[in-house]
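Heads up: the structure comes next, in structure tokens.
The values are calculated or read from the model by the stated rules, or taken from the named source; none is laboratory data. Quantities reported herein were computed from a predicted structural model and do not represent experimental measurements. Here the Cβ is made from the backbone with ideal geometry for all residues, glycine too, and neighbour counts use every protein chain on show. Surface accessibility is based on the protein's heavy atoms, side chains included, excluding ligands, DNA and RNA. Shrake-Rupley method; radii C 1.70, N 1.55, O 1.52, S 1.80 Å.
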Protein chains: 2
Amino acid sequence: APMTGELRCQCIDVITKMIPLKHIANVELIPEGPYCAISEVIATMTNGKRVCLDTTARWVKMIIERILQQKSSTP
Amino acid sequence: APMTGELRCQCIDVITKMIPLKHIANVELIPEGPYCAISEVIATMTNGKRVCLDTTARWVKMIIERILQQKSSTP
């Protein structure tokens, strides 16, 4: 699970098992930066649990695409 | 700017102007859910400001792709 302090990499390990979109409350994408040399993706699940996702995994990209394709405010 | 409470839609408006990736600290993707019928994308900028992005804008998708393509922990 990710550590709380943002001033360093937050993910020690990543989960490989796929999470259904309906169990995901939000997905946070953190670009590489001054505090962490790698990009990280952290999902907060509807049960409140935060898990690090594998940025290279196909299902992670598909989940992100599906969120972007959902209805949006702009017509 | 997004409101704080998560128990409703957080974005009143979205910015159209592109933000360079180097000014983005993180991007939060919020799927449609019980509290908000649309998906929302909120960027936190390196200056701490939070702004809502247009989920349909091409540059938003490109920024997300670039973050996912950056070096990651998994070989």
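Couple of notes before you dig in:
- Hits in the stretch B:19-42 - residues which are within 7 Å of chain A (Cβ to nearest Cβ), β-branched (Val, Ile, Thr) and outside any loop (DSSP other than H, G, I, E, B): B:Ile24, B:Val27, B:Ile30
- Count - residues of the stretch B:43-75 that are of a type in the set (S, T, N, Q) and outside any loop (DSSP other than H, G, I, E, B): 2
- Residue selected from the stretch A:43-64 under the condition in contact (Cβ under 8 Å) with a residue 24 or more places away in the chain and charged (D, E, K, R), by the criterion farthest from the other protein chains (Cβ to nearest Cβ): A:Lys49
- The residue that is farthest from the chain's Cα centre (by Cα), counting only those in the stretch B:45-59 that are open to solvent by 30 Å² or more (accessible area, probe 1.4 Å) and of a type in the set (Val, Ile, Thr), is B:Thr46.
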